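In what follows, a structure is listed as structure tokens, so that the remarks can point back to it.
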Amino acid sequence: MNEEQKAHEGCFCHGAGPRVSNAFRSCWSEATKDHFRTSRVEFWKGLRSLIDEHIERMSRTQKKGSTVPVE
């Protein structure tokens with residue numbers, strides 16, 4: 001049994017995952033890779049914007065304590 005077989009012995013896919021990933025990497029053009037990379041960046045920027053808006057809203061609508069008369 002060689003090293004690669006030993007590494008994938010307990011794996012259900014028997015090492016097919018890395019081979020499939022390499023096949024997809026080689027079939028996409030640089031322009032396509034750049035497009036998806038940019039898309040991921042924009043997704044995270046959008047998520048950051050939602051979080052920033054939520055933090056701002058929570059900070060702005062913060063209710064102060066109620067007044068209790070003391071005798």
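Just a few scattered comments:
- If you go through the range 35-71 and keep only what is open to solvent by 90 Å² or more (accessible area, probe 1.4 Å), part of a loop (DSSP other than H, G, I, E, B) and not hydroxyl-bearing (Ser, Thr, Tyr), you end up with Gln62, Lys63, Lys64, Val68, Pro69, Val70, Glu71.
- Evaluated against (1) under 21 Å from the mean Cα position of the chain (by Cα); (2) modelled with pLDDT under 80; (3) surrounded by 10 or more Cβ atoms within 10 Å (Cβ to Cβ), Thr32 falls short on exactly one condition, (2).
- Condition check for Pro18 on (1) at pLDDT below 90; (2) open to solvent by 100 Å² or more (accessible area, probe 1.4 Å): one failure, at (2).
- If you go through the range 11-34 and pick out every residue that is touching a helix residue (DSSP H, G or I) at 6+ places or on another chain (Cβ under 9 Å) and assigned to a helix (DSSP H, G or I), you end up with 2.
The values are calculated or read from the model by the stated rules, or taken from the named source; none is laboratory data. Everything quoted here is computed from the prediction, not taken from an experiment. In this analysis, Cβ positions are derived from the backbone assuming ideal geometry, glycine residues included, and neighbour counts consider all displayed protein chains. Note: accessible area is taken over every heavy atom of the protein model, side chains too, but ligands, DNA and RNA are not part of it. Shrake-Rupley method; radii C 1.70, N 1.55, O 1.52, S 1.80 Å.
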